[in-house]
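Note sheet for the following structure.
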Amino acid sequence: MPWRRARAGAIHVLPAVESPQLGNRRDILVYTPGSYGRGATRYPVIYMQDGQNLFDPETSFAGDWGLKGALARASRRGIETIVVAIPNMGSDRIDEYSPFADPRVGGGNGDQYLRFLIDTVKLLVDERFRTQPDRAHTGIAGSSMGGLISLYAFFDQPDVFGFTAALSPALWFANAAIVQLAQRAPRIAGRVYFDVGLQEGARHVALARRFRDTLIAKGYDPVREFRFVEDRHGKHNESAWGRRFRKALPFLIKNGGPA
């Protein structure tokens with residue numbers, strides 16, 4: 001595909017979006033690609049957790065993902081998507097991002113968080129922006145605990161999400177309950193990207209490989225349907241996730257671009 005000049009996108013703020021499911025409010029950031037202002041094109045959407053860490057180092061926990069630049073560069077290859085960045089709520093982060101209760105660290109409010117994402121945020125975004133709202137063009141992504149809830153959403157809400165990206169997902173949470181869920185769940189059509197940094201520790205690497213083997217055993221094609229990456233120098237941080245997510249975009253958005 002010929003390279004085109006990168007088009008800078010724009011970030012829109014939906015202020016103080018109320019969550020009746022969780023009893024709180026937060027600003028939602030919506031990135032639209034550079035071509036959005038021209039024509040009537042509709043775009044796929046990726047809903048991403050820890051939204052304050054994606055675009056701005058001033059709001060991030062420990063450096064941002066550099067996502068705005070990465071998305072602009074992706075547009076040169078015709079890979080364009082809307083990204084909805086949902087900030088975490090600080091001390092409530094583990095509770096919202098964990099679909100399972102862990103006796104050591106708590107959590108377990110992930111189902112209510114997904115209801116907020118689907119019934120409130122997605123509804124609002126589909127009303128206000130030119131999205132492709134069907135499951136084939138709707139994805140969910142995140143890292144660490146955000147990766148855990150993103151994997152869970154793919155298996156638990158197959159009518160909504162057609163692809164997912166989980167970067168260094170917290171597979172260990174609640175005694176690796178997400179791995180057990182994937183083993184029990186029916187085979188769901190779609191695309192799954194997940195990865196691990198080899199500097200994150202032997203336990204994390206072993207669980208990532210176990211999850212990879214689970215998908216292979218269920219018949220997922222490791223080329224067309226899932227992509228597993230081991231980052232030799234990768235650590236558990238924002239810069240590693242941003243670097244890897246840039247490379248994952250073509251896999252996530254292939255055959256699902258603007259329409």
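The values are calculated or read from the model by the stated rules, or taken from the named source; none is laboratory data. Bear in mind the structure is a predicted one, so any value in this text is a computation, not a measurement. Note that each Cβ is placed from the backbone with ideal geometry, even for glycine, and that neighbours are counted across all protein chains shown. The protein model used for the area step is the full one, side chains on, heavy atoms only, and it has no ligands, DNA or RNA in it. Shrake-Rupley method; radii C 1.70, N 1.55, O 1.52, S 1.80 Å.
The relative contact order of the chain, computed from alpha carbon pairs under 8 Å that lie at least 6 residues apart in sequence, is 19 percent. Across all Cα atoms of region 80-144, the radius of gyration (one decimal) and Dmax (whole number) stand at 13.6, 43 Å.
Of LEU117, LEU198, LEU123, the order by accessible heavy-atom surface (1.4 Å probe, DNA, RNA and ligands excluded), from most exposed downward, is LEU123, LEU198, LEU117.
Once you charge only the Cβ atoms, +1 for Lys and Arg and -1 for Asp and Glu, what is the size of the charge dipole of region 20-95 about its Cα centre, to the nearest 20 debye?
Working: 9 positive and 8 negative charges, 99 e Å.
Roughly 480 debye, rounded to the nearest 20.
For region 107-259, the extents of the C-alpha atoms along the principal axes are 45, 31, 31 Å, listed from largest to smallest. At an R0 of 45 angstrom, the distance between the Cβ atoms of ALA8 and ASP102 translates into a FRET efficiency of 0.60. Exposure check, 1.4 Å probe, all protein chains in place: ARG209 carries approximately 100 Å² of accessible surface. With the gyration tensor restricted to C-alpha atoms of region 147-201, the semi-axes of the equivalent ellipsoid amount to 20, 13, 8 Å, longest first. Extending 7 Å from Cα along the Cβ direction at ALA136 and again at VAL229 yields two label points whose distance is 2.5 nm.
Probe of 1.4 angstrom, ligands and nucleic acids ignored: what's the accessible area per residue over region 166-248, in square angstrom?
For region 166-248, the per-residue accessible area is 46 Å².
Can you tell me what the convex hull of the Cα atoms of region 1-158 projects to on average, as an area in nm²? Here the figure is 9.9 nm², rounded to one decimal. Split the accessible area of the chain by element, probe 1.4 Å, and carbon with sulfur accounts for 51%.
A cut-off under 14 angstrom between Cβ atoms defines the neighbours of PRO44, and their net charge, with Lys, Arg +1 and Asp, Glu -1, is +3. Just to verify a number: FRET efficiency for VAL205 and ASP159, C-beta to C-beta distance, R0 = 51 Å, to 0.05? Here the calculated transfer efficiency is 0.95.
Can you bin region 176-259 into rounded, prolate or oblate? Criterion: square roots of the alpha carbon gyration tensor eigenvalues sorted a ≥ b ≥ c, rounded for a/c under 1.5, prolate for a/b above b/c, oblate for the rest. Note, shape of region 176-259 comes out oblate. Placing GLU18, GLU96 in order of accessible area, with the largest value first and a 1.4 Å probe, yields GLU18, GLU96.
Full extension of the chain between ASP126 and LYS247 yields a length gain of 40.9 nm, computed as 0.36 nm times the residue separation minus the alpha carbon distance.
Of GLU230, GLU127, GLU225, the order by accessible heavy-atom surface (1.4 Å probe, DNA, RNA and ligands excluded), from most exposed downward, is GLU127, GLU230, GLU225. Exposure check, 1.4 Å probe, all protein chains in place: MET89 carries approximately 60 Å² of accessible surface.
Our summary gives region 107-259 a relative contact order of 20 percent, counting only alpha carbon pairs under 8 angstrom and 6 or more residues apart.
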